[in-house]
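One structure is given below, encoded as structure tokens.
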Amino acid sequence: MSKVPITVAKGDGIGPEIMDACLHILTEAGADIEWEEIQVGEKVYLAGNAAGIEPGAWDSLRRTRVFYKAPITTPQGGGYKSLNVTTRKNLGLYANVRPCVAYNPFVRTKHPGMDIVIVRENEEDLYAGIEHRQTDDVYQCLKLITRPGSEKIVRYAFEYARQNNRKKVTAFTKDNIMKMTDGLFHKVFDEIAKEYPDIQNEHWIVDIGAAKMADTPEAFDVIVLPNLYGDILSDVAAQIAGSVGLAGSANIGQVAAMFEAIHGSAPRRAGQNLANPSGLLLGGVMMLVHIGQPEVAERVHNAWLRTLEDGVHTYDIFQEGISKVKVGTREFAQAVVERLGQKPNSLKAATYSSGRSTLMGTGYTQRPAAQKETIGVDVFLHWRESDPNKLGAELSAAANGDGVKLYFISNRGQKVWPGGLPETFCVDHWRCRFFAEQQGAPINHGQIIRLLERVSAAGYDFIKTENLCTFDGEKAFSVTGGE
Ligand code: NAD
């Protein structure tokens with residue numbers, strides 16, 4: 001059988017040392033891989049490539065579709081793009097999977113029973129990076145939650161749970177406030193959960209869910225989250241497991257995947273044979289499972305657990321009374337190699353069932369188009385005065401007609417006209433909601449364009465519009481505070 005080709009980047013700082021250590025262990029364990037090395041990171045950035053990756057490297061990644069990446073140093077200062085974000089977006093790596101496990105009593109933790117997997121959506125939410133300054137006072141970042149994105153990540157979380165003998169998947173959202181965006185994520189979660197009756201499911205509001213996770217992580221198993229919550233809480237989870245330096249992560253897409261440690265390049269530790277290769281090694285274990293070599297993954301993982309148990313520790317997890325011998329990167333790797341074939345005595349042994357698919361991703365079938373009707377429009381104004389009653393009266397006089405009418409104005413989501421409270425603090429960003437004169441009746445693009453012409457002719461600076469629609473008769477816009 002031919003070996004599985006993978007693309008390797010040794011990165012910066014401690015990267016080359018820990019990558020060499022990991023490749024040594026994987027090879028000794030019998031991994032059927034052959035790697036081609038690409039250059040990424042600091043050298044590439046400083047040579048003038050703002051993306052931190054040579055253009056030719058994409059050819060290798062497109063060919064192998066498996067990227068084993070050591071941490072890189074991102075130079076400080078503007079102009080440099082995050083290689084992680086570029087790689088995720090270019091390769092469509094929509095799922096970030098981060099197991100966070102306590103290795104009590106061999107690594108100190110406040111949560112000895114912790115064993116959770118964070119599955120973070122990796123491509124959308126506020127990280128779509130669509131931001132605008134709209135007025136003197138107001139900046140906006142668009143939060144995009146999509147049905148395909150939500151379906152893919154939620155299905156991935158349930159598939160992951162099933163394939164890894166996990167019992168429960170929990171979703172965290174803030175859908176009591178963001179009823180449409182987080183509401184969609186929650187709704188998709190409930191829909192897909194029904195397809196997995198063998199796996200428990202539950203939903204928590206993210207604030208109290210995060211508090212519960214930080215306090216009682218044993219209550220959770222797999223947690224699936226939109227991008228921002230996942231970014232924050234996966235670091236919290238790794239840290240409270242007591243082992244931020246020990247966690248690996250997988251970034252999985254439809255056609256490619258990237259495996260790495262969660263820590264950075266630790267430049268101060270570089271070149272001293274000090275760094276702990278464990279996070280990158282566990283990333284490598286996930287890679288072996290992904291490329292269909294679960295037996296090798298199991299051998300490596302169990303030898304590594306046994307090494308921890310035997311008290312062979314690098315400086316970062318060394319503790320008097322628990323550790324037996326302090327070792328460097330190379331010696332640690334050799335200790336793992338010597339234990340290949342062994343299992344841990346008291347820690348839970350890793351088992352990766354054989355013959356399982358590569359977890360490449362989950363398809364999305366486009367739904368039939370809904371019956372969509374436009375029934376109004378929000379016109380956002382940059383207006384530097386402060387009296388909403390004046391704006392309401394003057395804008396109504398200037399803009400009403402042609403079958404459309406101003407119904408209310410809000411400022412930062414709170415209704416301020418008609419009948420607002422004088423105490424409400426207002427900024428220079430006003431949302432003016434127009435419906436048909438007969439509210440609920442459809443309006444057309446021509447009416448919206450002519451409305452904007454009247455608004456502009458009256459001297460108002462409109463900064464954007466949002467159409468107000470119904471989909472299959474259901475209102476597709478949020479209710480405003482005070483409406
Ligand atoms: P870091 O994770 O590199 O290091 C923080 C500290 O943690 C180090 O000083 C070291 O004491 C310890 N540490 C981390 N990994 C260790 C290991 N394997 N063994 C032993 N000790 C370890 O974080 P940082 O110093 O904030 O970032 C350094 C550079 O890494 C920055 O340029 C940052 O942008 C980059 N970074 C890259 C990635 C990535 O490539 N995925 C991720 C995070 C940070």
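The values are calculated or read from the model by the stated rules, or taken from the named source; none is laboratory data. Here the structure is a predicted model, which is why all the values come from computation and not from measurement. Because the Cβ atoms are built from the backbone with ideal geometry, glycine has one as well, and the counts that use them run over all protein chains shown. Ligands, DNA and RNA are stripped out before the accessible areas are found, and what is left, the full protein with its side chains, is counted by its heavy atoms. Shrake-Rupley method; radii C 1.70, N 1.55, O 1.52, S 1.80 Å.
Here G321 meets the list (1) in the same structural domain as W417 (by TED's automatic domain parsing); (2) at positive phi almost entirely, failing just condition (1). Can you find a residue in the range 137-149 that is in contact (Cβ under 8 Å) with a residue 40 or more places away in the chain, out of contact with any Phe, Trp or Tyr (no Cβ under 9 Å at 6 or more places or on another chain) and within 16 Å of the ligand (Cβ to nearest atom)? Scanning the range 137-149, I find no residue that is in contact (Cβ under 8 Å) with a residue 40 or more places away in the chain, out of contact with any Phe, Trp or Tyr (no Cβ under 9 Å at 6 or more places or on another chain) and within 16 Å of the ligand (Cβ to nearest atom), so the answer is no. Within the range 291-331, if we keep just the residues that are more than 16 Å from the ligand (Cβ to nearest atom) and open to solvent by less than 10 Å² (accessible area, probe 1.4 Å), the residue that is modelled with the lowest pLDDT turns out to be P294.
With the structure loaded, tell me whether Q334 is away from the ligand (no atom under 16 Å from the Cβ), in the same structural domain as R108 (by TED's automatic domain parsing) and within 28 Å of V40 (Cβ to Cβ) or whether it fails that test. Yes; evaluated as a whole, the condition is true for this residue.
Among the candidates V427, V479, the residue that is in a loop (DSSP other than H, G, I, E, B) and free of Cβ contacts under 8 Å to residues at least 60 places away in the same chain is uniquely V479. The single residue among V312, V327, V337 that is of a type in the set (V, I, T) and within 17 Å of R108 (Cβ to Cβ) turns out to be V312.
When A393 is tested against (1) outside any loop (DSSP other than H, G, I, E, B); (2) closer than 24 Å to M178 by Cβ, only condition (2) is not met. Please verify whether V224 is touching a residue at least 12 places away in the same chain (Cβ under 8 Å) and away from the ligand (no atom under 16 Å from the Cβ), treating the condition exactly as stated. So V224 passes the test.
The number of residues in the range 230-267 that are touching a residue at least 12 places away in the same chain (Cβ under 8 Å), within 13 Å of the ligand (Cβ to nearest atom) and either surrounded by 19 or more Cβ atoms within 10 Å (Cβ to Cβ) or not acidic (D, E) (or both) comes to 21. Restricting the range 65-124 to residues that are away from the ligand (no atom under 14 Å from the Cβ) and polar (S, T, N, Q), which is surrounded by the most Cβ atoms within 10 Å (Cβ to Cβ)? That would be T109. For T470, the criteria (1) assigned to a helix (DSSP H, G or I); (2) surrounded by 12 or more Cβ atoms within 10 Å (Cβ to Cβ); (3) not hydrophobic (A, V, I, L, M, F, W, C) hold in every case but one, which is (1). Does at least one position in the range 189-202 carry a residue that is free of Cβ contacts under 8 Å to residues at least 40 places away in the same chain and touching a Lys or Arg at 6+ places or on another chain (Cβ under 6 Å)? Taking every residue of the range 189-202 in turn, at least one turns out to be free of Cβ contacts under 8 Å to residues at least 40 places away in the same chain and touching a Lys or Arg at 6+ places or on another chain (Cβ under 6 Å). Here is the figure for the range 211-253: residues that are under 12 Å from the mean Cα position of the chain (by Cα), farther than 22 Å from L280 by Cα and in a helix (DSSP H, G or I) total 3.
Which one is farthest from Q163 (Cα to Cα), of the residues in the range 268-288 that are part of a helix (DSSP H, G or I) and open to solvent by 10 Å² or more (accessible area, probe 1.4 Å)?
Only one residue tops the list, namely R268.
Close contacts from the range 286-312, counting a first residue that is over 26 Å from R65 (Cα atoms) and a second that is of a type in the set (F, W, Y) and in a loop (DSSP other than H, G, I, E, B), with Cβ to Cβ under 8 Å and a gap of 6+ residues or different chains, come to L305/Y103; L308/Y103; L308/F106; E309/F106; G311/F106. Would a scan of the range 121-130 turn up a residue that is under 14 Å from the mean Cα position of the chain (by Cα), at positive phi and at pLDDT below 90? Among the residues of the range 121-130, at least one is under 14 Å from the mean Cα position of the chain (by Cα), at positive phi and at pLDDT below 90, which makes the answer yes.
Within the range 150-158, is even one residue surrounded by fewer than 18 Cβ atoms within 10 Å (Cβ to Cβ) and under 26 Å from Q239 (Cα atoms)? No, because not a single residue in the range 150-158 is surrounded by fewer than 18 Cβ atoms within 10 Å (Cβ to Cβ) and under 26 Å from Q239 (Cα atoms).
Taking the criterion of being touching a strand residue (DSSP E or B) at 6+ places or on another chain (Cβ under 8 Å), buried (at least 24 other Cβ atoms within 10 Å of the Cβ) and not in a helix (DSSP H, G or I), the residues of the range 8-43 that qualify are A9, G11, V40, G41.
Looking at the range 33-46, is at least one residue among the polar types (S, T, N, Q) and more than 16 Å from the ligand (Cβ to nearest atom)?
Within the range 33-46 (the criterion being among the polar types (S, T, N, Q) and more than 16 Å from the ligand (Cβ to nearest atom)), the answer is no, since none of the residues qualifies.
Can you give me the number of residues within the range 170-214 that are among the charged types (D, E, K, R) and buried (at least 21 other Cβ atoms within 10 Å of the Cβ)? Qualifying residue count, the range 170-214: 1. Which of (1) surrounded by 12 or more Cβ atoms within 10 Å (Cβ to Cβ); (2) more than 25 Å from R384 (Cβ to Cβ); (3) out of contact with any strand residue (DSSP E or B) (no Cβ under 9 Å at 6 or more places or on another chain) does A458 not meet, given it meets every other one? A458 satisfies every listed condition except (2). Right, V455: in contact (Cβ under 8 Å) with a residue 40 or more places away in the chain, in a strand (DSSP E or B) and over 20 Å from D137 (Cα atoms) or not? In short, no.
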